[in-house]
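Visitor: Let me begin by handing over the structure; questions about it come next.
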Amino acid sequence: MPTFPKPPSPIQMLDLAVQHAYIQPELDEALRRVFDESAFIQGPDVADFAGELGQYLGGAQVVPCANGTDALQLALMSLHLQPGDEVIVPAFTYVATAEAAAVLGLRPVLAEVLPHTFTLDPAAAEAAITPRTRAIMAVHLYGQCADLTALRQLCQRRKLALIEDNAQALGAVWTFPDGTAQAAGTVGEVGTTSFFPSKNLGALGDGGALLTRDPARAELLYELANHGQARGRKYVHQRLGLNSRLDTLQAALLRVKLRHLDAWTDRRQAVAAYYDEALRSLPGIRVPVRQPGSTHVFHQYTITLDQQARRDDLQNYLKACGVPTMIYYPRPLHQQPAYEYLGYREGQFSVAETLCRTVLSLPVHPELSEAQVAYVTKCVREWTENAAG
Ligand SMILES: *Cc1c(COP(=O)(O)O)cnc(C)c1O
């Protein structure tokens with residue numbers, strides 16, 4: 001019976017209890033205020049949060065909604081597409097990106113991702129364009145931007161809308177070759193984000209938002225998220241919409257958390273830098289490759305192994321050592337039962353398929369202690385030594 005080391009203190013994939021303990025008085029005060037005001041739907045905190053997040057993102061318009069999946073659907077609804085119109089989606093992403101298009105009767109057209117940055121390959125996206133293509137959905141996976149210079153240029157050249165699924169990279173910044181910098185999610189026609197509790201800015205429940213630099217589109221998105229009702233015109237429904245609102249309670253809590261987001265991002269980046277240093281030279285392990293032009297807010301710290309058997313073996317070893325890990329994502333979109341109707345074959349997106357077999361995300365949240373991070377890297381190193389010997 002082999003013996004495994006023990007962590008200095010229990011390690012979680014994310015540790016919201018600890019995060020909340022640090023800011024409990026501020027959260028309590030926000031809760032109290034919502035009770036006092038008792039405006040649980042579209043209370044003042046919702047607009048205040050939207051304004052503060054917009055400022056944080058360099059002056060973007062923010063339209064809060066119920067969750068990140070609704071945000072994607074609302075973003076597509078704002079483009080006035082026809083059933084059967086095509087939307088290009090990376091083959092390697094969370095299912096919501098394609099789902100939002102599919103439930104609207106649009107056709108998600110999958111495109112390959114880049115092997116090192118895991119984000120949409122602009123050349124593959126271009127190759128997937130047909131006369132029915134209307135939009136490209138870029139996903140800023142794990143916390144850094146897809147190649148926004150190439151994708152924006154492609155969309156402008158081919159007259160397509162660019163939608164940024166920014167559920168994982170809130171606070172990341174893209175710098176264009178001319179030196180202008182823009183917050184992730186505010187580059188395309190519409191950006192979306194999610195406040196699912198595990199996201200970098202997480203609510204205590206579901207939440208999401210739409211991001212745009214265009215005030216007219218922000219107004220349209222607001223209507224779409226509120227039963228198609230124009231602002232201030234109760235019971236006049238201009239268009240078909242959804243009931244997709246951010247609760248006042250969540251907005252109040254998110255206002256508190258937004259004030260801490262930069263400090264938390266710094267911590268994530270410090271943990272990532274430590275991992276980089278400690279893991280970079282280990283045989284058979286590739287640390288995350290940074291996309292030039294983007295900052296990285298490390299929603300996930302995802303290493304890749306050279307083969308599935310080694311990835312699975314490392315995951316089991318770490319589990320035995322008390323180190324949780326996750327596989328985001330174990331199955332590419334074209335191999336999901338619900339998307340069989342799209343007619344793709346195994347092998348058609350070989351980069352996405354290989355990533356599903358070889359990625360492994362390590363704990364990277366802001367509450368990790370230095371001793372915990374050191375312990376994680378020690379375990380990974382020991383595994384490589386055992387595997388070699
Ligand atoms: C979390 C996530 C979503 C969905 O957000 P919800 O708020 O859970 O609906 C969409 N896209 C990506 C890439 C995500 O990580």
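The values are calculated or read from the model by the stated rules, or taken from the named source; none is laboratory data. Predicted, not measured: the structure shown is a model, and the values here were computed from it. Please note: Cβ atoms are built from the backbone with ideal geometry, for glycine as well, and neighbour counts cover all protein chains shown. Remember, those area values only see protein heavy atoms, side chains included, never the ligands or the DNA or RNA. Shrake-Rupley method; radii C 1.70, N 1.55, O 1.52, S 1.80 Å.
Visitor: Exactly one condition in (1) open to solvent by 40 Å² or more (accessible area, probe 1.4 Å); (2) away from the ligand (no atom under 12 Å from the Cβ); (3) farther than 18 Å from Gln61 by Cβ is false for Ala150; which is it?
Guide: Just one mismatch for Ala150, condition (1).
Visitor: Does region 378-388 include one or more residues that are under 27 Å from Ala96 (Cβ atoms) and either crowded, with 20+ Cβ neighbours inside 10 Å or assigned by TED's automatic domain parsing to the domain that holds Asp165 (or both)?
Guide: No, every residue in region 378-388 fails to be under 27 Å from Ala96 (Cβ atoms) and either crowded, with 20+ Cβ neighbours inside 10 Å or assigned by TED's automatic domain parsing to the domain that holds Asp165 (or both).
Visitor: Report, ordered by the first and then the second residue, all pairs with beta carbons closer than 7 Å, sequence separation of six or more or different chains, a first member in region 118-141 that is in a helix (DSSP H, G or I), and a second member that is aromatic (Phe, Trp, Tyr).
Guide: Leu141/Phe118
Visitor: For the structure I just gave you, tell me whether Gln144 is of a type in the set (S, T, N, Q), touching a residue at least 40 places away in the same chain (Cβ under 8 Å) and either more than 10 Å from the ligand (Cβ to nearest atom) or in the same structural domain as Leu79 (by TED's automatic domain parsing) (or both).
Guide: Considered against the rule, which asks whether it is of a type in the set (S, T, N, Q), touching a residue at least 40 places away in the same chain (Cβ under 8 Å) and either more than 10 Å from the ligand (Cβ to nearest atom) or in the same structural domain as Leu79 (by TED's automatic domain parsing) (or both), Gln144 comes out as yes.
Visitor: Taking the condition of being open to solvent by 10 Å² or more (accessible area, probe 1.4 Å) and in a loop (DSSP other than H, G, I, E, B), how many residues in region 153-166 meet it?
Guide: 2
Visitor: Return only the number of the condition from (1) within 16 Å of the ligand (Cβ to nearest atom); (2) crowded, with 19+ Cβ neighbours inside 10 Å; (3) not polar (S, T, N, Q) that Leu242 does not satisfy.
Guide: Single failed check for Leu242: (2).
Visitor: Return the residues of region 297-328 that are out of contact with any helix residue (DSSP H, G or I) (no Cβ under 6 Å at 6 or more places or on another chain) and within 30 Å of Leu57 (Cα to Cα); say none if nothing qualifies.
Guide: If the condition is that a residue be out of contact with any helix residue (DSSP H, G or I) (no Cβ under 6 Å at 6 or more places or on another chain) and within 30 Å of Leu57 (Cα to Cα), then Ile303, Met326, Ile327, Tyr328 are the ones that fit.
Visitor: Residues being more than 18 Å from Ala252 (Cα to Cα) and open to solvent by 20 Å² or more (accessible area, probe 1.4 Å): count how many of those fall in region 182-200.
Guide: Our first condition is that a residue be more than 18 Å from Ala252 (Cα to Cα); within region 182-200, this holds for 182-192.
Right, trim to open to solvent by 20 Å² or more (accessible area, probe 1.4 Å) and you get 182, 189.
Number of matching residues: 2.
Visitor: Specify the residue that is nearest to the ligand (Cβ to nearest atom); the eligible residues are those in region 201-211 that are open to solvent by less than 10 Å² (accessible area, probe 1.4 Å) and more than 14 Å from Leu57 (Cα to Cα).
Guide: Filtering region 201-211 for residues that are open to solvent by less than 10 Å² (accessible area, probe 1.4 Å) and more than 14 Å from Leu57 (Cα to Cα), the one nearest to the ligand (Cβ to nearest atom) comes out as Gly208.
Visitor: Which is closer than 30 Å to Ala102 by Cα and either in contact with a strand residue (DSSP E or B) (Cβ under 8 Å, 6 or more places away or on another chain) or without any contact (Cβ under 8 Å) to a residue 60 or more places away in the chain (or both), of Leu305, Leu333, Leu362, Leu314? Walk me through it before giving the result.
Guide: Details: Leu305 fails: closer than 30 Å to Ala102 by Cα; Leu362 fails: closer than 30 Å to Ala102 by Cα; Leu314 fails: closer than 30 Å to Ala102 by Cα.
Criteria check complete, one pass: Leu333.
Visitor: Return a yes/no flag: does region 293-315 have any residue that is open to solvent by 50 Å² or more (accessible area, probe 1.4 Å) and within 16 Å of the ligand (Cβ to nearest atom).
Guide: no
Visitor: Would you confirm whether or not region 119-138 contains a residue that is over 19 Å from Tyr344 (Cβ atoms), open to solvent by 10 Å² or more (accessible area, probe 1.4 Å) and of a type in the set (Val, Ile, Thr)?
Guide: The initial filter retains those residues of region 119-138 that are over 19 Å from Tyr344 (Cβ atoms), namely 119, 122, 131, 134-135, 138.
In the following step, the residues that additionally are open to solvent by 10 Å² or more (accessible area, probe 1.4 Å) were identified as 122, 131, 134.
From what is left, the residues that are of a type in the set (Val, Ile, Thr) are none.
For region 119-138, residues over 19 Å from Tyr344 (Cβ atoms), open to solvent by 10 Å² or more (accessible area, probe 1.4 Å) and of a type in the set (Val, Ile, Thr): absent.
Visitor: How many residues does region 39-82 contain that are acidic (Asp, Glu) and under 22 Å from the mean Cα position of the chain (by Cα)? Full working, then the answer.
Guide: Restricting attention to region 39-82, the residues satisfying the condition of being acidic (Asp, Glu) are 45, 48, 52, 70.
Now narrow it down to the ones that are under 22 Å from the mean Cα position of the chain (by Cα): 52, 70.
Total satisfying the criteria: 2.
Visitor: For region 257-296, enumerate the residues that are over 15 Å from Gly171 (Cα atoms) and either of a type in the set (Lys, Arg) or not assigned by TED's automatic domain parsing to the domain that holds Leu314 (or both).
Guide: Arg280, Arg286, Arg290
Visitor: Could you tell me whether any residue of region 167-175 is within 16 Å of the ligand (Cβ to nearest atom), touching a Lys or Arg at 6+ places or on another chain (Cβ under 8 Å), open to solvent by 10 Å² or more (accessible area, probe 1.4 Å) and not small (Gly, Ala, Ser)?
Guide: Filtering region 167-175 for residues within 16 Å of the ligand (Cβ to nearest atom) gives 167-172.
Those left that are additionally touching a Lys or Arg at 6+ places or on another chain (Cβ under 8 Å): 167-168, 170.
Filter once more, so that each one left must be open to solvent by 10 Å² or more (accessible area, probe 1.4 Å): 167-168.
Narrowing the set further to residues that are not small (Gly, Ala, Ser) leaves 168.
So far as region 167-175 goes, yes, one or more of its residues are within 16 Å of the ligand (Cβ to nearest atom), touching a Lys or Arg at 6+ places or on another chain (Cβ under 8 Å), open to solvent by 10 Å² or more (accessible area, probe 1.4 Å) and not small (Gly, Ala, Ser).
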